[in-house]
Amino acid sequence: MFWNYMPWLKNGLFQITFYEEKNFQGRSYECMSDCTDMSSYLSRCQSCRVESGCFMVYERNNYMGQQFFMRRGEYNDMQHMMSMGMMFDNIRSCRMIPYVRELTNSTVNLTHNSTINCYMDFVMVMSLLTLFFCISELQHRGQFRMKIYERENYGGQSYEMMDDCDNIQDHYRMSDCQSCNVMDGHWLMYEQAHYKGRMMYMRPGEYRNYRDMGMSGKRFMSMRRVTDMC
């Protein structure tokens, strides 16, 4: 009965399933949150299916090493994922990524004539509202703001961004980005211009260098905001 009122929650706002074998075969692990170490669930990962939401998957445990952004869809084998730009052949950890999304009245309708009628008991109404506000916390709703620096430890030329940039060399005359401060929103940074090559997920925080994330020596030339249109 509960899901009749909010069917869009039934499959989870964030849900990804990993499989040990290609084509969604073998043992599987369903994940609806961050996972620091998948080795306790699967010996390897050769395919996966993103049911809803956006995820970042990592080459090593604890969100370390090379990374790959996954949106909703089916990824039936590692070769397919690598052809899409993934630079590693196994997944060891994953992190869900909050994204921008408009929740309109068509999503949660509290009117008399549709989703919830005037006879619904008080407990059900409060449960629905609690779920709504909890899930809203998982979605970034504010502006995007990030300051990028040409050198480590916030050195060299800098620029404050509020939108996507497909080439910092062309737009800002910056030859590299080796540190940054993410003030608002969630971002993806790419090794090459035009959102190509290795990528790195950045959430709000200060990043004096990228060594602690297992990305030492990497340069990043383009940046994109994480939205539901990524």
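The values are calculated or read from the model by the stated rules, or taken from the named source; none is laboratory data. These numbers were taken from a predicted model, which means no experiment stands behind them. Cβ sites come from the backbone with ideal geometry, for glycine too, and all protein chains shown count toward neighbours.
Key figures for this structure:
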| quantity | calculated |
| --- | --- |
| Pairs, first in the same structural domain as Met56 (by TED's automatic domain parsing) and farther than 18 Å from Met96 by Cβ in segment 11-30, second of a type in the set (Gly, Ala, Ser) and in a loop (DSSP other than H, G, I, E, B), C-beta under 9 Å, six or more apart | Glu20/Ser43; Arg27/Ser43 |
| Odd one out for Asp176 among (1) at pLDDT 95 or above; (2) surrounded by 15 or more Cβ atoms within 10 Å (Cβ to Cβ) | (1) |
| Which numbered condition Tyr75 misses (of (1) surrounded by fewer than 16 Cβ atoms within 10 Å (Cβ to Cβ); (2) at pLDDT 75 or above) | (1) |
| Selection within segment 146-180 - of a type outside the set (A, V, I, L, M, F, W, C) and in contact (Cβ under 8 Å) with a residue 40 or more places away in the chain | Glu152, Asn153, Tyr154, Asp163, Asp164, Asp166, Asn167, Gln169, Asp176, Gln178 |
| Residues that are of a type in the set (D, E, K, R) and at pLDDT below 90, drawn from segment 197-230 | Arg198, Arg211, Asp212, Lys218, Arg219, Asp228 |
| Selection count, segment 152-194, where residues are closer than 22 Å to Gln67 by Cβ and in a helix (DSSP H, G or I) | 2 |
| Where Arg208 falls short, out of the listed (1) over 21 Å from Met70 (Cβ atoms); (2) under 20 Å from the mean Cα position of the chain (by Cα) | (2) |
| Segment 21-64, subset under 25 Å from Met200 (Cβ atoms) and among the acidic types (Asp, Glu), residue surrounded by the fewest Cβ atoms within 10 Å (Cβ to Cβ) | Asp37 |
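Okay, residues lined up against (1) within 17 Å of the chain's Cα centre (by Cα); (2) over 21 Å from Ile97 (Cα atoms):
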| site | (1), (2) |
| --- | --- |
| Met162 | no, no |
| Asn167 | no, yes |
| Cys177 | no, yes |
| Leu188 | yes, no |
| Tyr195 | yes, no |
